[in-house]
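Here the structure is laid out as structure tokens; the discussion comes afterwards.
The values are calculated or read from the model by the stated rules, or taken from the named source; none is laboratory data. None of the values given here were measured: they were computed from a predicted structure. Every residue, glycine as well, gets a Cβ built from its backbone with ideal geometry; the counts of neighbours run over all protein chains shown.
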Amino acid sequence: MRRYHEFMKMFRLACLCLAPTVLMLAASNPVNDQLRQVHAVYLLPMTSGFDQYLANRLSASAVFEVVTDPQKADAVFSDRIGEALENRMNDLYPTPEMLAKKKAKAEAKKEGKSDDSYSDDKNSPVHLNSFGRGKGMLFLVDRKTRNVVWSTYARPKNFSADELNHTAREVTARLERDLKPPAEKK
């Protein structure tokens, strides 16, 4: 019994010593810092129109400004990541190199040249459709870095309007919690 009490004393002391370090690490979480930098979001089409319900909830709660012009967005909501999202991001936010290549291709076409060096088939857009999605994952992707700054799993039980609205409310509540500074979370 005496060893148990000694162990518990040491355990409490260790917890007290480590608590400030844990709080400091939580306060400087780079993912939370990236999330807090997001103010305006653009939503890509999602399964069963979930993007519409999410846009409604985000706007109503003022978590983020929802924009219809992707150029005004800091981040993009999507229900999938991978090659299709990368291609869609390239369409929405082309790099200077992509723009130069596109311009060169247009000039070559204008001059009647059919040079394969301007071929861009590998990077042609993959169109996102709602078939085969709806697994419940949501990703918030930074427009510039293309990093996922926040994600969650929120699968609706069915695709009725009430259930999609309920799931959008849950997602918005999670975002609100995650946006709070660590000291305010309880």
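A few comments on the model shown:
- Single residue of Ser119, Ser130, Ser114, Ser78 found to be modelled with pLDDT of 90 or more and either out of contact with any Gly (no Cβ under 6 Å at 6 or more places or on another chain) or within 28 Å of Glu170 (Cα to Cα) (or both): Ser78
- Boolean, Asp33 is within 30 Å of Trp150 (Cα to Cα), part of a helix (DSSP H, G or I), out of contact with any His (no Cβ under 6 Å at 6 or more places or on another chain) and at pLDDT below 90: yes
- Scanning the stretch 37-88 for residues that are within 15 Å of Thr145 (Cα to Cα), part of a loop (DSSP other than H, G, I, E, B) and of a type in the set (A, V, I, L, M, F, W, C) yields Val38, Ala73, Ile81.
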